[in-house]
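Asker: One structure, as structure tokens, below. Some questions next.
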Amino acid sequence: MAIEHDFFGVVDETASGGLAWDDTVELGDQAIDVELLADDESAVPEFALDSAAALIQALEGFDARARDALIAELSSRQSATVTYIDEHVEKLGDSLVDLLVYNSGDIAIDVLRSLQLLSVVIQADHSDEDEVFATFDYSIAPDETDALLTVAFDVRGDVVSVETQP
């Protein structure tokens, strides 16, 4: 069985009884892959679909909040954000400057401003406040590295974690 929603239209059921929907959304001059997933269709409340739709419609604002969370992590040398930046400064060396959209001289801030938002995954069946509802995957050089910086939001739209994905 599938679910119908005003924003998503018909959300198809997967072979395992979950839900899957995907689309490409424009954000500035970038095309962002957006997926709505659920392992169990019966665990998806209507408000979760409404929250997912609101997140997609306000993608620019959520991207800004995610980037603010990344900037806030710069104060901790042990943070995922600092680790990601340090690894890419070391790995890419002087060629990193060519990837920067902004070049203010503050390499950490310039890297964060230059990150590309690649994808957003929304777990519609994770609608409790203590669960990860949406993840935003960023990369400084998606053609050169698989490493991602991932910012996770809860259903209320609060940032709950920042992690690196190798």
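The values are calculated or read from the model by the stated rules, or taken from the named source; none is laboratory data. These figures come from a predicted structure and were not determined experimentally. With ideal geometry, Cβ positions are generated from the backbone for all residues, glycine too; neighbour counts draw on all protein chains shown. The protein model used for the area step is the full one, side chains on, heavy atoms only, and it has no ligands, DNA or RNA in it. Shrake-Rupley method; radii C 1.70, N 1.55, O 1.52, S 1.80 Å.
Asker: Could you look at the stretch 7-75 and say what percent of its accessible area is carbon and sulfur, using a 1.4 Å probe and all protein chains?
Answerer: So the carbon and sulfur contribution to the accessible surface is 48 percent.
Asker: Add -39500 (n - 2.57) for each DSSP H run of 4 or more in the chain, then divide by its residues: what number comes out at 222 nm, to the nearest 500 deg cm²/dmol?
Answerer: Taking each H run of at least 4 residues, the total per residue is -9000 deg cm²/dmol.
Asker: On to the next question. Among V162, I3, Q78, which residue has its Cα furthest toward the positive end of the charge dipole of the chain, with +1 on Lys/Arg Cβ and -1 on Asp/Glu Cβ?
Answerer: It is Q78, whose Cα lies furthest towards the positive end.
Asker: Mind putting a number on the dipole of the chain about its Cα centre? Charges go on the C-beta only, +1 for Lys and Arg and -1 for Asp and Glu, and I need it in Debye to the nearest 20.
Answerer: 680 debye
Asker: Taking 8 Å as the Cα distance limit and 6 or more residues as the minimum spacing, I'd like the relative contact order of the stretch 52-166 as a percentage.
Answerer: Relative contact order comes out at 22 percent.
Asker: Here is a follow-up. Counting Lys and Arg as +1 and Asp and Glu as -1, what is the net charge of the other residues whose Cβ lies under 11 Å from the Cβ of E129?
Answerer: Within the 11 Å Cβ shell, the charges total -4.
Asker: Sticking with this structure for a sec: Quick one: if you stick a label point 7 Å off each Cα along the C-beta vector at D158 and A53, how many nm between them?
Answerer: Placing both labels 7 Å beyond Cα along the Cβ direction yields 2.6 nm.
Asker: Within the stretch 111-136, list the residues whose amide N lies under 13 Å from a label point set 7 Å along Cα→Cβ of Q30.
Answerer: Counting only backbone N, you get 111-121, 136.
Asker: Which net charge results when you count Lys and Arg as +1 and Asp and Glu as -1 among the other residues whose beta-carbon is under 12 Å from that of V101?
Answerer: Local net charge: -2.
Asker: I need the peptides 114-121, 149-156, 100-107 ranked by packing, meaning the mean over residues of other C-beta atoms within 10 angstrom, with the highest value on top.
Answerer: 149-156, 114-121, 100-107
Asker: Taking every pair of alpha-carbon atoms in the chain, what share in percent sits in each 10 Å bin, from 0 to the bin with the longest distance?
Answerer: Spelled out per bin, shortest first, that is 10, 37, 31, 16, 5, 0.
Asker: Moving on. Show L27, L36 ordered by accessible area, largest first, where the area counts protein heavy atoms only and the probe is 1.4 Å.
Answerer: L27, L36
Asker: At a Förster radius of 22 Å, what calculated FRET efficiency corresponds to the Cβ-Cβ distance of V132 and S95, to the nearest 0.05?
Answerer: Efficiency for this residue pair is about 0.10.
Asker: Tell me which DSSP H helices of the chain clear both cut-offs, 24 Å or more of axial length from alpha-carbon atoms and a mean Kyte-Doolittle hydropathy of at least 0.0.
Answerer: none
Asker: Still on this structure, I have one more. Using +1 at the C-beta of Lys and Arg and -1 at the C-beta of Asp and Glu, which of A20, T135, A124 has the Cα lying farthest in the positive direction of the dipole of the chain?
Answerer: Towards the positive end, the residue furthest out is T135.
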